[in-house]
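What follows is a single structure, written as structure tokens, with notes after it.
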Amino acid sequence: MVIEYKEIDVTLPTKYKEILKSYLENKSEQGLYKAQQYSKKLLENQTSPEELISLHFSVLEEVYPHVADEMRDSFEFLLEVMIGYGLAYREHQILRDRQRELELQIDVAANMQQTLLPKEIPVVDSLDIGIISVPASKMSGDYYYCVKDENECVGVAIADIIGKGVPAALCMSMIKYAMDSLPEQRMQPGALLENLNRVVEQNVDESMFITMMYGSYDPRGHEFFYSGAGHEPGFFYNYEQDTFEELYAKGLVLGVSRKTKFREYEKKVNEGDFIVLLSDGVTECRVDDRFIEREEVTSLIRKYMHLSAQEIVDNVYHELAQLQGFSLKDDFTLMILRRQV
């Protein structure tokens, strides 16, 4: 029986013969090391498993011409086995290459997402602002917005895109640029959501939806105006009464109906009061076989109220992440705007 090998690099058989012969004669550790190094060459030349076996047997016949028939038959059998394995191996290589390409694309999209988020938190004399946003995986479905205008008014938003991956990143970019194109409506949350809704309804696939809470804080009268589009309710902390209440804003998610109207709400913010906006990854933190209660979130916030707004959100995230074994089940975004005392 003659077994042929496919030469990709003409020096491979000669080199393999040298390494194999040296090892069979000396049985040295150096020989095994050379074999390991040679295997890297095989990978570089994309040598398949059956080609390697064919090469091995050809070299073995050359080194030991009188190979027993039983040995020849065993190699023939092994070669037939490895032909099928080799086909599967090559298919695996193709899938692995595609996976790497996809991961690279995801990395690019994830980096693009980061460029869409605010580079820094606005500084306003009367406000203490803290924000944390942590994706559950490379790509996030959460988006937050925090921008100050020329009147020191701060526009804030938290959105949750129902969908993940590259489509979410593309959708996020559309939201970001749509909001930037409507500066005159930052003080009118209802009108801003109505405009965003039309953009989303026209440009986003019907299988994707976006929830959002948008608000505008006016430091001149210390009022917070806000509207919601099917988003997780936030909280309002009343410093004088030392109580939390839900910051609920009724409204349909973005992208369902072009004609949707959004009601606008208003809160007077006194010294020490603060507003909490969040994504459902905060309130739907799963511990063992249950989801935490919203009261547990406010208890954690209360625990760290003596700290700055940024330290509050950082500590709340750390505790909730720790409860989940630092393996988030959903994207986590938490924002606090506190009027300075």
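The values are calculated or read from the model by the stated rules, or taken from the named source; none is laboratory data. Remember, predicted model here, so these are calculated numbers, not experimental data. Positions of Cβ are generated from backbone atoms using ideal geometry, with glycine treated the same way; all protein chains shown enter the neighbour counts.
Of everything in segment 90-133 that is among the small types (Gly, Ala, Ser) and touching a helix residue (DSSP H, G or I) at 6+ places or on another chain (Cβ under 7 Å), the residue that is farthest from residue 335 (Cα to Cα) is 109. Yes or no: segment 166-187 includes at least one residue that is touching a strand residue (DSSP E or B) at 6+ places or on another chain (Cβ under 7 Å), farther than 30 Å from residue 105 by Cα and in a loop (DSSP other than H, G, I, E, B). Yes, the conditions are met somewhere in segment 166-187.
Rundown of residues vs (1) farther than 29 Å from residue 151 by Cα; (2) modelled with pLDDT under 95, yes/no style:
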position: 208; (1), (2): yes, yes
position: 219; (1), (2): no, yes
position: 226; (1), (2): no, no
position: 231; (1), (2): no, yes
position: 235; (1), (2): no, no
position: 241; (1), (2): yes, no
position: 251; (1), (2): no, yes
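Testing residue 321 on (1) touching a strand residue (DSSP E or B) at 6+ places or on another chain (Cβ under 9 Å); (2) without any contact (Cβ under 8 Å) to a residue 12 or more places away in the chain, one condition comes back false. Which one is that? The one condition residue 321 does not meet is (2). Could you please let me know if residue 160 is crowded, with 17+ Cβ neighbours inside 10 Å, acidic (Asp, Glu) and touching a residue at least 24 places away in the same chain (Cβ under 8 Å)? So residue 160 fits the description; yes. Of all residues in segment 177-199, those that are over 11 Å from residue 228 (Cα atoms) have Cβ atoms under 6 Å from Cβ atoms of residues that are modelled with pLDDT under 80 and assigned to a loop (DSSP other than H, G, I, E, B), 6 or more apart or on another chain, in 195/182.
Does at least one position in segment 256-264 carry a residue that is hydroxyl-bearing (Ser, Thr, Tyr), in contact with a Leu (Cβ under 8 Å, 6 or more places away or on another chain), surrounded by 15 or more Cβ atoms within 10 Å (Cβ to Cβ) and modelled with pLDDT of 95 or more?
No, segment 256-264 has no match at all.
Modelled with pLDDT of 80 or more, over 30 Å from residue 340 (Cβ atoms) and not hydroxyl-bearing (Ser, Thr, Tyr) - does that describe any residue in segment 104-115? Checking segment 104-115: at least one residue is modelled with pLDDT of 80 or more, over 30 Å from residue 340 (Cβ atoms) and not hydroxyl-bearing (Ser, Thr, Tyr).
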